[in-house]
Every structure is written in structure tokens, then in C-alpha cells.
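Since the structure comes first, as C-alpha cells, the remarks are kept for the end.
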Amino acid sequence: MRPAEVQRITVEEAADRYAEMVRAKTVTGALAPSTAEIYTRDVHTFAVLAGAERLLDDLTGEDVDEVLLRFARKPDGRRRAPAPAGEAAPLQSGHSQARFRRSVSAFFRHAAVAGWVQLNPMRAVTVTARQRGGLRPERRALTREQAEGLLGTARVLASAEPDERKRADQRTELRDALIVLLLATVGPRVSELTRADVDHFFTNDGVRYWRIFGKGGRTRDVPLPRGVAQVLDAYLAQRRARAVETPALLLSWRGRRLARGDVQGVIDRVLARVDPDRRRSVTPHGLRHTTATHLLAAATDMDAVRRVLGHSDLSTLGRYRDELPGELEAAMRVHPLLGPEESGPGDRVR
């Protein structure tokens with residue numbers, strides 16, 4: 001039940017109290033640390049956009065609408081590298097906007113129960129997904145040429161001689177290459193990547209596997225392509241030479257577990273080395289889309305793709321697949337019910 005008196009606290013104080021409550025839930029196991037991190041980050045972002053010194057109970061649905069629109073227009077903070085000349089800085093994706101709205105809704109549900117607001121203003125919010133920019137403003141998956149450019153650059157980076165001008169702990173080229181290769185070929189969630197420990201990788205019958213700890217406490221064992229496994233082993237050898245004690249797989253140059261927000265910077269550094277004709281900016285989630293799109297386009301079994309990505313339902317794959325240029329024409333050229341003599345004009349199978 002709501003207390004008789006509403007507590008007239010500022011947005012900033014409410015955000016701080018909520019963040020403290022969220023962090024406490026991770027101790028009891030009620031929330032995963034990665035989920036708590038997202039809620040905490042989003043509620044503090046909300047406080048900045050809404051006005052930290054305003055009274056929380058004074059916010060209306062119209063005020064929250066304005067915050068959602070401001071967030072949608074806010075440059076993507078994961079992009080640390082400046083946008084290429086002539087290009088606008090990337091804004092929040094539809095996925096990020098939807099996540100932010102869910103976080104704000106959870107915040108106000110708690111605020112209503114805690115007695116910080118008389119009425120939940122989310123009930124009066126009118127901004128729709130389309131007004132916030134749509135859920136899919138552009139295709140997320142890289143084309144084959146773009147993906148090959150990124151992966152080729154990562155492989156070159158992995159095989160390059162160490163830069164002797166840098167200290168050993170600042171030579172991150174091999175780590176950066178591994179991050180890009182894992183994201184683009186296995187398609188993990190960025191939280192799954194940053195949570196990975198060294199002992200989550202094992203060998204079975206000569207095949208390297210990654211035991212990925214995903215949503216809802218579910219795990220999946222995903223085999224690594226041979227080239228990716230070789231880069232992983234080279235990185236682990238480099239790591240052992242530094243006598244690192246932490247179990248975390250991916251480390252900052254200071255020896256700490258790499259944070260989610262650092263991953264975009266790694267991708268951007270590798271992208272900067274890609275031939276401009278094959279370069280296109282992409283997020284970690286966009287590389288997950290790339291994995292799904294190209295595995296399905298290659299007629300990989302849908303259930304196998306579902307298990308690689310860690311989805312509980314096949315229907316979810318539809319959201320992770322983008323169309324590829326020329327894929328329909330390619331599919332009809334190899335139609336299983338027709339022989340080569342019946343191929344389309346100029347498309348005779350040789």
C-alpha cells in the first residue's frame with residue numbers, strides 16, 4: 001500500500017534510491033548484475049534529461065514524453081570515435097529506445113509503490129515507437145562484403161607483430177581482433193561477451209567450444225570456427241605471459257574486466273582500418289544480426305541458428321534477420337525442384 005503522505009523528493013534523489021534498491025536485488029539474486037547495470041544507467045540518464053532538481057511527483061505524462069523524445073535524439077554514447085566526415089553522429093537505435101522506455105516504466109512502478117508519486121505518469125505517456133524513430137530505422141546486418149572486410153581486418157590485426165613501442169599491457173590488438181571475431185561469427189549478446197571467463201572455453205574431441213551463460217540462467221555450448229579458435233588460443237597465450245590472475249577473459253589495459261560500454265570503442269577501432277569501400281559502422285547488436293542473417297541465408301538449420309544465438313523460441317529469429325541484396329535471385333538459381341536446364345536466363349548452373 002502507498003503511504004498516506006507522498007514523499008516530495010527530487011528526480012535525482014529518487015533515481016539514487018532506486019539505483020540502490022536495484023543493486024541490492026543483485027545480492028539476493030533477484031536481478032542479474034547486467035540487468036541491474038542497465039536499469040541503473042537508464043534511470044540516471046532519465047534524471048539528467050528530466051531535470052535532476054525537479055520534484056518527481058510534479059512530472060506529468062507530457063514531461064515523460066519529452067524525455068523519451070530527447071533520449072531518441074541523443075547521440076549513441078557507445079560511439080566514442082567521432083563520426084566520419086559528412087556523416088551525422090549515430091542516434092539511439094529503436095532497440096535502445098524501447099529498452100529505455102521499459103527501464104523508465106519500471107522506475108515509476110516502484111516510485112508509485114514507494115510513495116514518491118501520487119500517480120504513475122507512464123499511464124499518460126502518448127509518444128509511440130514511430131514518433132521515437134521507429135524500431136528499424138535502417139538494416140542492422142552487414143552485407144557479405146562489409147562483413148568480410150571487417151573480419152579480414154580483424155584477422156590481419158591478430159597476426160600482426162606486436163607494437164614494441166607500447167607496453168605489454170597496452171598491446172590490445174589481439175584482444176580487439178578476438179572481440180570482433182567472436183561477435184561477428186558467434187553473435188553473442190554484448191553482456192554475454194563481457195561476462196565470459198577463461199574457463200568458459202573448453203575443447204571436446206578436438207573442437208573448441210564456448211560455454212555461454214545467457215538470459216534466464218540458460219547456458220549453451222557453441223563450437224568456434226577454427227580460425228576464431230586459433231586467435232583465442234593466441235590471446236590466451238599472451239594473457240598467460242602477463243601472469244594475469246583475474247578469471248575474466250577480456251581485460252582493459254589496466255587489467256580489469258572489460259565493460260559493456262568499451263566494446264563499441266573496440267569495434268570502431270577495428271572498423272577504422274577497414275577499406276572505406278567496405279566499411280559501415282555497426283554496433284555489437286548489429287553484429288549479432290549479421291551472424292543470424294548470414295547463417296540463415298546460407299540455409300543453416302533454423303534450430304541450429306536459434307541455439308547459437310541463445311533464443312528460446314524460433315519465432316524470435318525473424319527479428320534478427322535482415323534481407324541481403326540478391327538473395328532471392330540466388331535462391332531461385334538453386335531451386336531444389338528444378339534442374340539446371342530450367343534456371344532463369346543468364347543464370348544457368350555450371
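The values are calculated or read from the model by the stated rules, or taken from the named source; none is laboratory data. On a predicted model such as this, the values are computed, not experimentally measured, just so you know. Cβ: placed from backbone, ideal geometry, glycine included. Neighbour counts: every protein chain shown. These accessible areas exclude ligands, DNA and RNA; they are computed on the full protein's heavy atoms, side chains included. Shrake-Rupley method; radii C 1.70, N 1.55, O 1.52, S 1.80 Å.
Per-residue answers, yes or no, for (1) modelled with pLDDT of 90 or more; (2) of a type in the set (G, A, S); (3) more than 17 Å from H95 (Cβ to Cβ):
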residue	(1), (2), (3)
Y39	yes, no, no
L49	yes, no, yes
R54	yes, no, yes
D57	yes, no, yes
G61	no, yes, yes
V67	yes, no, yes
D76	no, no, no
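Quick check: is even one residue across the stretch 171-185 at pLDDT 80 or above and touching a strand residue (DSSP E or B) at 6+ places or on another chain (Cβ under 7 Å)?
If we filter the stretch 171-185 for residues that are at pLDDT 80 or above, which is where we start, we get 172-185.
Cutting the leftovers down to touching a strand residue (DSSP E or B) at 6+ places or on another chain (Cβ under 7 Å) gives us none.
So far as the stretch 171-185 goes, no, none of its residues is at pLDDT 80 or above and touching a strand residue (DSSP E or B) at 6+ places or on another chain (Cβ under 7 Å).
Since A111 meets every condition but one in (1) out of contact with any Asp or Glu (no Cβ under 6 Å at 6 or more places or on another chain); (2) modelled with pLDDT under 85, which condition does it not meet?
(2)
In the stretch 33-61, what count of residues is obtained for those that are open to solvent by 30 Å² or more (accessible area, probe 1.4 Å), under 19 Å from the mean Cα position of the chain (by Cα) and acidic (D, E)?
The qualifying residues number 1.
Given the conditions (1) farther than 15 Å from A112 by Cα; (2) open to solvent by less than 70 Å² (accessible area, probe 1.4 Å); (3) part of a helix (DSSP H, G or I), which single one is not true for K25?
Of (1) farther than 15 Å from A112 by Cα; (2) open to solvent by less than 70 Å² (accessible area, probe 1.4 Å); (3) part of a helix (DSSP H, G or I), only one is false for K25: (2).
Filter the stretch 267-283 for residues that are assigned to a helix (DSSP H, G or I) and out of contact with any Lys or Arg (no Cβ under 8 Å at 6 or more places or on another chain); which is surrounded by the most Cβ atoms within 10 Å (Cβ to Cβ)?
The selected residue is I267.
Taking V244 and the conditions (1) at pLDDT below 85; (2) assigned to a helix (DSSP H, G or I), which numbered condition does it fall short on, given that it satisfies the others?
(2)
Do you know which of the residues in the stretch 227-266 that are of a type in the set (A, V, I, L, M), over 23 Å from the mean Cα position of the chain (by Cα) and surrounded by 13 or more Cβ atoms within 10 Å (Cβ to Cβ) is nearest to F202 (Cα to Cα)?
Ranking the qualifying residues of the stretch 227-266, first place goes to L236.
Any residue in the stretch 178-200 that's under 12 Å from V263 (Cβ atoms): show its pairings with residues that are crowded, with 21+ Cβ neighbours inside 10 Å and among the charged types (D, E, K, R) at Cβ separation under 9 Å, as long as the two are six or more apart or on different chains.
Going by the 9 Å Cβ cut-off, the qualifying pairs are L183/R288; P188/R288; R189/R288; V190/R288.
Within the stretch 215-241, how many residues are at pLDDT 90 or above, hydrophobic (A, V, I, L, M, F, W, C), farther than 23 Å from G265 by Cβ and assigned to a helix (DSSP H, G or I)?
Residues meeting the conditions: 2.
Condition check: among the β-branched types (V, I, T) and part of a strand (DSSP E or B). Does I212 satisfy that?
yes
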